[in-house]
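Asks: Below is one structure. I have some questions about it.
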There are 2 protein chains.
Amino acid sequence: MAVTSGTKNRTRQAILDAAIDLLAENPGCSLGDIAAAAQVGRTTLHRYFAERADLLAAVAIEGGQRLVRAARLAELDRGTGGEALMRLCREYFDLGPLLSLIFSEQGGECWESQDERLLGDVIERGHRDGSIDGGLPSEWILSVLWSQMYAAWSYLGERPDSSRHDVLDLLIRTLSNSLTPRQPAAAQPVRNKGGQSQ
Amino acid sequence: MAVTSGTKNRTRQAILDAAIDLLAENPGCSLGDIAAAAQVGRTTLHRYFAERADLLAAVAIEGGQRLVRAARLAELDRGTGGEALMRLCREYFDLGPLLSLIFSEQGGECWESQDERLLGDVIERGHRDGSIDGGLPSEWILSVLWSQMYAAWSYLGERPDSSRHDVLDLLIRTLSNSLTPRQPAAAQPVRNKGGQSQ
DNA sequence: CTGCAATGGAACAGTTGTGTTCCACTACGA
DNA sequence: TCGTAGTGGAACACAACTGTTCCATTGCAG
């Protein structure tokens with residue numbers, strides 16, 4: 001099944017992309033706006049997603065898939081927990097407007113289910129290997145992570161002159177500062193790979 | 001002027017409070033909802049604020065005043081820039097739902113005008129006295145600040161069992177970690193008052 | 001060319017929020 | 001007791017969005 005024509009797939013994807021873009025900056029935007037942004041008639045949109053709720057559900061699924069893909073790219077198994085988390089941030093940051101969407105409906109349980117557990121494991125690993133401050137509970141770290149990524153994304157959006165790369169650097173720098181234990185206490189066998197690039 | 005009866009003032013304030021609460025969790029909520037939350041008839045609400053825009057404007061002004069009050073309580077002149085910033089965070093955190101409101105409309109220029117400049121000065125002071133990482137531009141720090149405070153507030157809201165005090169501690173800890181320069185590099189004539197409290 | 005898949009537009013009814021008007025009710029001071 | 005300030009409720013017209021139906025169109029495959 002699901003062997004719809006190439007045209008249909010393209011139209012569906014265009015609608016989803018537009019929906020993510022518009023819903024990100026205004027969760028209450030009208031279906032007419034989304035259809036227009038997708039360069040598609042409102043009728044066509046309704047043909048693919050009968051009700052608004054159907055579109056939202058599809059967006060949630062699409063978003064979830066992108067999250068999973070990003071997590072895979074981040075190779076969370078490699079290195080310390082802290083390093084893995086920073087790699088994940090880089091990947092997540094590329095999700096762009098989806099960040100706003102996820103962040104604004106953070107209580108929406110849609111995304112969390114799978115990724116929340118995955119991230120929890122990474123953070124716990126970081127706690128054990130000393131790359132993440134043990135005094136910060138994992139849930140709190142998740143909050144910080146998402147809010148910072150959202151902040152970085154909107155920071156970038158408000159400053160067309162600043163480069164994606166520079167903002168990403170600021171994000172990573174600030175985040176790793178937040179999460180790395182302050183004083184090199186006693187426990188870690190702190191090794192070669194320092195936190196900051198360049 | 002402005003010597004309206006005590007009743008009127010109380011009603012007006014109840015509406016504003018309810019508006020801040022509801023708009024914080026849903027910027028698109030209806031006037032009927034706000035009126036109900038304020039335990040006031042919709043007619044009465046319209047009597048105080050003819051149009052929705054009028055209510056929003058009043059909320060913005062009220063919010064601005066609370067921000068200014070909080071900034072005054074923080075005694076921004078005292079101590080290093082970093083210390084002053086952390087004190088301000090404590091005060092801002094008490095603003096509660098207003099945080100969500102400000103954060104969600106961050107591009108809304110209403111609040112920024114005065115406070116943005118004030119905070120900019122404090123951060124610059126922190127840059128000079130070495131209590132704030134000079135590699136982080138002031139605008140970026142503002143983004144981080146607001147997003148973290150918002151995250152902390154919603155973190156608290158989602159966990160009725162966690163105490164306001166504990167969350168505030170997490171916030172301060174994470175934030176000061178973010179902003180304090182990492183290695184005592186070489187440049188600063190690092191003075192007596194070290195960055196980390198406790 | 002014919003036929004079908006995909007689309008866009010127009011029109012419609014239904015819902016929800018808005019802003020307004022009008023009237024009735026309550027409390028309180030003169 | 002009366003008058004007034006403050007209020008609440010009902011009703012209305014209006015606007016926007018939604019979901020649906022119907023029909024005309026484009027474009028491509030056979």
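The values are calculated or read from the model by the stated rules, or taken from the named source; none is laboratory data. These numbers come from a predicted model, not from an experiment. Don't worry about glycine lacking a Cβ; one is built from the backbone with ideal geometry, like all the others, and counts go over all protein chains shown. The accessibility values were calculated without ligands, DNA or RNA, using every heavy atom of the protein model including side chains. Shrake-Rupley method; radii C 1.70, N 1.55, O 1.52, S 1.80 Å.
Asks: Can you give the convex hull volume per residue for the Cα atoms of the range B:1-50, as a whole number of Å³?
Replies: Once divided by residue count, the hull of the range B:1-50 is 75 Å³.
Asks: Work out Dmax and Rg for the range B:60-179 from the C-alpha atoms and quote the Rg first, both in angstrom.
Replies: Gyration radius and largest Cα-Cα distance of the range B:60-179: 13.6, 40 Å.
Asks: Could you give the angle, 0 to 90 degrees to the nearest 10, between helix B:138-158's Cα long axis and the longest principal axis of the Cα atoms of chain B?
Replies: 60 degrees
Asks: What does the convex hull of the alpha-carbon atoms of the protein assembly as shown project to on average, in nm²?
Replies: Mean projected area of the Cα convex hull: 24.1 nm².
Asks: In addition: For the range A:1-50, what is the accessible area per residue in Å² when the probe is 1.4 Å?
Replies: Averaged over the residues of the range A:1-50, the accessible area is 61 Å².
Asks: Ordered by packing density, taken as the mean number of other Cβ atoms within 10 Å over each peptide's residues, highest first, how do B:149-158, A:34-43 rank?
Replies: For the peptides B:149-158, A:34-43, the packing ranking is B:149-158, A:34-43.
Asks: Additional query: Given a 1.4 Å probe and no ligands, DNA or RNA in the count, how much accessible surface is buried by B and A, both sides, to the nearest 100 Å²?
Replies: Roughly 2700 Å².
Asks: Shifting gears a bit: Just to verify a number: what accessible area does A:Thr11 come out at with the full protein assembly present, 1.4 Å probe, Å² rounded to tens?
Replies: 30 Å²
Asks: A further question follows. Determine the sum of side-chain charges near A:Arg125: Lys and Arg each +1, Asp and Glu each -1, restricted to other residues whose C-beta is under 14 angstrom from that of A:Arg125.
Replies: Taking every other residue near A:Arg125 into account, the sum is -3.
Asks: Let me ask another. How large, in percent, is the carbon and sulfur part of the accessible surface of the range B:1-50 at a probe radius of 1.4 Å?
Replies: 50 percent
Asks: Under a 10 Å cutoff between Cα atoms, tell me which one of B:Leu170, B:Leu55, B:Leu16 has the largest fluctuation in the Gaussian network model of chain B.
Replies: With Cα springs under 10 Å in chain B, the top fluctuation among B:Leu170, B:Leu55, B:Leu16 is at B:Leu170.
Asks: At B:Asp161 and A:Gln39, where each label point lies 7 Å from the Cα along Cα→Cβ, what is the point-to-point distance in nanometres?
Replies: Those two pseudo-labels are separated by 5.3 nm.
Asks: Dividing the Cα convex hull volume of the range B:34-100 by residue count, how many Å³ per residue is that?
Replies: Enclosed volume per residue, from the Cα hull, is 92 Å³.
Asks: Moving on to the next point. Please compute the contact order of the range A:1-50 in relative form: average sequence separation of alpha-carbon pairs under 8 Å and at least six residues apart, divided by the residue count, as a percent.
Replies: 32 percent
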